[in-house]
1. Under a point spin-label approximation (7 Å from Cα along Cα-to-Cβ), what is the Ile66-Ala105 distance to one decimal in nm?
2. Do me a favour and compute the ellipsoid semi-axes for the range 84-126 from its Cα gyration tensor, root of five times each eigenvalue, largest one first, whole Å.
3. Counting only heavy atoms of protein chains, what accessible area per residue, in Å², does the range 16-133 have with a probe of 1.4 Å?
4. How high is the FRET efficiency from Ala34 to Asp113, r the C-beta distance, R0 41 Å, rounded to 0.05?
5. Give the calculated FRET efficiency between Gln83 and Leu44 to the nearest 0.05, with a Förster radius of 30 Å applied to their Cβ-Cβ distance.
6. Defining a contact as two alpha carbons under 8 Å apart and six or more residues distant in sequence, what relative contact order in percent does the chain show?
7. I need the peptides 78-85, 112-119 ranked by packing, meaning the mean over residues of other C-beta atoms within 10 angstrom, with the highest value on top.
8. Helix-only estimate, please: 222 nm mean residue ellipticity of the chain, summing -39500 (n - 2.57) across DSSP H runs of length 4 or more and dividing by its residues, to the nearest 500.
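The values are calculated or read from the model by the stated rules, or taken from the named source; none is laboratory data. Keep in mind the model is a prediction, meaning the values are calculated, not measured. Neighbour counts are summed over all protein chains in view; Cβ atoms, including those assigned to glycine, are modelled from backbone coordinates with ideal geometry. The area values use the complete protein model at the heavy-atom level, side chains included, leaving out ligands, DNA and RNA. Shrake-Rupley method; radii C 1.70, N 1.55, O 1.52, S 1.80 Å.
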Amino acid sequence: MLDGSPEHVASAIARQRSWYSRLAARITHWSGSAWAATGVMVALLVWVATGWLAGFPRWWELCATIGLSFVTLLMLVLIQHTQNHDDQAVQLKLDELIRANINAANAMMRLEDAGQADMARIRQAFNEEVSGR
């Protein structure tokens with residue numbers, strides 16, 4: 001049953017995401033904070049000072065090149081994982097609202113499977129409907 005009764009499939013949520021999902025969500029949340037921006041600025045200043053004190057050797061440049069590439073790729077994967085999880089949750093919530101609304105077209109719940117041509121056709125139909133009101 002999908003009406004909020006105890007038999008609803010969402011009632012059985014374990015409320016425990018995997019360790020990777022929890023870690024990815026925490027890192028994603030933290031990376032968007034003011035503390036992260038401050039940390040990046042401090043790390044940059046330390047990095048430049050280290051290079052200046054060492055005479056800007058080749059190893060200093062290579063560490064920055066390799067290290068920044070690795071951190072960038074890691075952040076991309078973690079943020080994308082979190083975005084995918086959140087996107088799925090939002091889609092399921094929207095599907096539930098569409099099901100609950102008697103005037104909504106249940107076919108809209110399959111919209112994420114539509115191609116670009118179908119999306120354009122549906123968008124045009126919505127625009128015509130809104131203009132006609």
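1. In this crude label model, Ile66 to Ala105 measures out at 5.6 nm.
2. Working: eigenvalues 72, 49, 9 Å².
Square roots of five times the eigenvalues give 19, 16, 7 Å.
3. On the way: 9600 Å² over 118 residues.
On a per-residue basis, the range 16-133 sits at 81 Å².
4. Values: r = 39 Å, r/R0 = 0.96.
With a Förster radius of 41 Å, E is 0.55.
5. Values: r = 26 Å, r/R0 = 0.88.
Plugging the Cβ-Cβ distance into 1/(1 + (r/R0)^6) gives 0.70.
6. On the way: 34 pairs, mean separation 32.4, N = 133.
Computed value for the chain: 24 percent relative contact order.
7. On the way: 78-85: 15.0, 112-119: 10.0.
So the peptides 78-85, 112-119, ranked by packing, come out 78-85, 112-119.
8. On the way: 4 runs with 94 residues, N = 133.
Mean residue ellipticity, 222 nm, calculated: -25000 deg cm²/dmol.
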